[in-house]
Amino acid sequence: MTRRLFAPMLAVAAVMFAIAPVLIARAPYESTMGLVQKIFYFHVPAGIVMFAAALVCGISSALFLARGRLEHDRRALAAGELTVIFGTIMLVTGPLWARKAWGVWWQWEARLTSTLVLTLIFVAYLLLRRYGGPGSERLGAVLAVFGMVNVPFVYWSVNVWRTMHPRTTVVPTLDPSMRPAFWWCMVAFFVLFGGLLTLRVRLEEQRAALDRLWLAREEAEVRS
Amino acid sequence: MSGPGRAVWRKVQRLAVLAGVLLAVLIGPLGGAAGAMAQPTPPQDEFVPISELEPVEELPAAPLLIAAYVFVWLALLGYLWSIWRRLGSVERELHQLSRRDRAGGP
């Protein structure tokens, strides 16, 4: 059932992403940052989805290490790739916002640096899975659990360290006039994440089916 | 000074202190205002329309906002296309292999 869920999920996400600019345009300008603050409506949902993807990758990896079932490993690999995609979106849209709001593209402060490190951990995970050879899935799973543990540090870094980045209180205290656009984009990003994750898992399942087929042919040739 | 006389004198002293504090509180701001008024802003010689002021150096926000949204769309569509392409390639190979197996060929 879940194998075919990606098509409706991606269709719903496409419709939501098409409507999102209308809601974002209707949202009021923020008093100090003005127009550029509207990057917030894509930047923050991308960040939250990146955290969710890292958590899915870490939990699936932990389950794979504990139970050894390949379906957990496939989900972990798919989520790891999505962590890098959404992390890259966050790391590109953030500096575009910062250039106007702070006057600089980048600051080596707690939130930005820890987000970069988290993304690089998952880039390392993907490289390990791609070039690590046989047995790299267990080593990769350990790395993914390590990456997942970083998520709470990245999230709370703005509240713990002195930083230029807005705090986590921005979202719960968001002005009612800004909420429809923000929550619409948040749901759109999560639906898209679900669709992409399901599609990416299907790719891994098909690859596994292909490997099994090749293996069966080789075994049949050896017997004959 | 006798006992009742001393008590009256203390009461007079307290009233004097209280009156002093009240005067300071009431007159203080007036004194400040008077001080401010003592240095009036120079009178304007002419009115200048705001359009004639020197342009303030400011980075435009729109290109940054558009760049952010275009990047998000391109990244997501590009990734979706890459999964679709990889999935298509694997499914094609899977289909060909299973067809060959059914036909009993190499």
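Does A:Gly80 qualify as being within 12 Å of another protein chain (Cβ to nearest Cβ) and either buried (at least 17 other Cβ atoms within 10 Å of the Cβ) or touching an Asp or Glu at 6+ places or on another chain (Cβ under 6 Å) (or both)? In short, no. For A:Leu199, the conditions (1) under 21 Å from the mean Cα position of the chain (by Cα); (2) free of Cβ contacts under 8 Å to residues at least 40 places away in the same chain all hold with the exception of (2). Within the stretch A:2-46, restricting attention to residues that are over 21 Å from the mean Cα position of the chain (by Cα) and not in a helix (DSSP H, G or I), the residue that is nearest to A:Gly194 (Cα to Cα) is A:Ala27. Being more than 14 Å from chain B (Cβ to nearest Cβ) and at positive phi, is that true of even one residue in the stretch A:46-60? No: zero hits.
Hey, any hits in the stretch B:61-69 for a residue that's at pLDDT 80 or above, touching a helix residue (DSSP H, G or I) at 6+ places or on another chain (Cβ under 7 Å) and part of a loop (DSSP other than H, G, I, E, B)? So that I can check it myself, show each step before the final result.
First pass over the stretch B:61-69, keeping only residues at pLDDT 80 or above: B:61-69.
Checking which are touching a helix residue (DSSP H, G or I) at 6+ places or on another chain (Cβ under 7 Å) leaves us with B:61-62, B:64-65, B:67-69.
Imposing the further condition that a residue be part of a loop (DSSP other than H, G, I, E, B) reduces the set to B:61.
Yes; the residues of the stretch B:61-69 include at least one that is at pLDDT 80 or above, touching a helix residue (DSSP H, G or I) at 6+ places or on another chain (Cβ under 7 Å) and part of a loop (DSSP other than H, G, I, E, B).
Applying the criterion of being surrounded by 14 or more Cβ atoms within 10 Å (Cβ to Cβ) and within 10 Å of another protein chain (Cβ to nearest Cβ) to the residues of the stretch A:22-33, the residue that is nearest to B:Glu58 (Cα to Cα) is A:Met33.
Where residues in the stretch A:203-222 are more than 17 Å from B:Ser98 (Cβ to Cβ) and not β-branched (Val, Ile, Thr), which of them is farthest from the other protein chains (Cβ to nearest Cβ)?
Taking the stretch A:203-222 as the starting set, the residues that turn out to be more than 17 Å from B:Ser98 (Cβ to Cβ) are A:203-204, A:222.
Checking which are not β-branched (Val, Ile, Thr) leaves us with A:203-204.
Details: A:Leu203: 5, A:Glu204: 9 Å.
So, considering only residues that are more than 17 Å from B:Ser98 (Cβ to Cβ) and not β-branched (Val, Ile, Thr), the one farthest from the other protein chains (Cβ to nearest Cβ) is A:Glu204.
Test A:Glu219 against the criterion of being loosely packed, with under 12 Cβ neighbours inside 10 Å, part of a helix (DSSP H, G or I) and not small (Gly, Ala, Ser), and give yes or no. Answer is yes for this residue. The set of residues from the stretch B:65-106 being of a type in the set (A, V, I, L, M), farther than 26 Å from A:Ala18 by Cα and facing another protein chain (nearest Cβ under 8 Å) comprises B:Val90, B:Leu94, B:Leu97. Residues considered: A:Leu112, A:Leu120. Of these, the only one that is more than 14 Å from chain B (Cβ to nearest Cβ), surrounded by 16 or more Cβ atoms within 10 Å (Cβ to Cβ) and over 22 Å from A:Glu204 (Cα atoms) is A:Leu112.
The values are calculated or read from the model by the stated rules, or taken from the named source; none is laboratory data. Quick caveat: nothing in here was measured; it's all calculated off a predicted structure. Note: ideal-geometry Cβ built from the backbone for every residue, glycine included; neighbour counts use all protein chains shown.
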